[in-house]
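Below is one structure, written out as C-alpha cells; comments come after it.
The values are calculated or read from the model by the stated rules, or taken from the named source; none is laboratory data. Treat the numbers as computed from the prediction; the structure is a model and nothing was measured. Heads up, the Cβs are rebuilt from the backbone with ideal geometry, glycines too, and the neighbour counts pull from every protein chain shown.
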Amino acid sequence: MSALRLQALQLRLLEPIDLTVEAGELVFLCGPSGAGKSLLLRAIADLDPSTGEAWCDDTARSALPAHAWRRRVGLLPADSGWWADRVGVHFPPAESAEHDPAALLARLGFGPEVLDWEVRRLSTGERQRLALARLLANRPEVLLLDEATANLDPENRARVEAVIGDYRAERAAAVLWVSHDPEQRERMNGRRLVIRDGRIEPELQATDAAETGR
C-alpha cells in the first residue's frame, strides 16, 4: 500500500505541483495536446529533469537510484520501447507460480505462446497490451499510465480497464492515468484533474458546467 505524493514538483510548462494520489486511488489527468501531461509522468518517473520532490509512501525519489525508483513507480508510456527481438525476454523470470505471467496475459487476450513471438510482428494494440503486462509483471506500487487504451478496440480497452482496476484494488496501487477519453474517465469513476495554463485543477464535469451556466 503506497501513496504517490508530489511536493513542489516543477518542470518546464508547468507551475510547481503539490498532489497526492492515495494508495488504491485512481486519478485521471487530461488537458490539451502539449500541455505537459506526458512530461509530468516522465518527470515523476525520474526520466526527465525536474525540481521539487516525489514520494512513494515514505521514500523520496531523491533517496533512490533511478532504476530502484522505477521499480516502485512504474511508467507505461504512450509508445513502449522494446530492446530485444522476442517478447518473453522483456518479462522478469517466473520465479514461482505467483509470478507466472500466463494468467495476466490471458486476461489481456494472449496465450502463453506470445512470449515466443517476435516483437516486429506485433500490432500497435498488441504492443500496448503487452507493455502493460510487462509493467504489471514487475509489481510496481504506483502506476503512471500514459494513454493506456488509446489504440485499442472496445473489447481490448475493456480488458485493459479491468486488469488495471483489479491490480489497483488487489495491491492498493496509486494510479495516475493520462486519458483523453471523457467516457473512460466517467466510466471508471476516478478523481479527475486537468492541466490548464500550466496548472493542475479539478476537471469541470458536465453537471458542474450546467450548474455554473445557470
What's the total number of residues in the stretch 167-196 that are assigned to a helix (DSSP H, G or I) and surrounded by 15 or more Cβ atoms within 10 Å (Cβ to Cβ)? 5
Starting from residues that are modelled with pLDDT under 95 and touching an Asp or Glu at 6+ places or on another chain (Cβ under 7 Å), keep the ones in the stretch 1-43 and report whichever is surrounded by the most Cβ atoms within 10 Å (Cβ to Cβ). Ser2
What about Ser80, is it in contact (Cβ under 8 Å) with a residue 12 or more places away in the chain and under 17 Å from the mean Cα position of the chain (by Cα)? yes
Does the stretch 197-214 hold any residues that are surrounded by 11 or more Cβ atoms within 10 Å (Cβ to Cβ), hydrophobic (A, V, I, L, M, F, W, C) and either at pLDDT below 95 or not in a strand (DSSP E or B) (or both), and which are they? Leu204
Count - residues of the stretch 3-62 that are touching a residue at least 12 places away in the same chain (Cβ under 8 Å), farther than 13 Å from Leu144 by Cβ and in a helix (DSSP H, G or I): 0
If you scan the stretch 66-100, which residues turn out to be within 18 Å of Val178 (Cα to Cα), modelled with pLDDT of 95 or more and touching a Ser or Thr at 6+ places or on another chain (Cβ under 8 Å)? Pro77
If you go through the stretch 75-121, how many residues are touching a strand residue (DSSP E or B) at 6+ places or on another chain (Cβ under 6 Å) and of a type in the set (Gly, Ala, Ser)? 1
How about the stretch 91-144: which of its residues are charged (D, E, K, R), surrounded by 18 or more Cβ atoms within 10 Å (Cβ to Cβ) and not in a helix (DSSP H, G or I)? Glu141
Can you pull out every residue in the stretch 56-73 that is surrounded by fewer than 20 Cβ atoms within 10 Å (Cβ to Cβ) and either in contact with a strand residue (DSSP E or B) (Cβ under 6 Å, 6 or more places away or on another chain) or of a type in the set (Gly, Ala, Ser) (or both)? Asp57, Ala60, Ser62, Ala63, Ala66, Ala68, Arg72
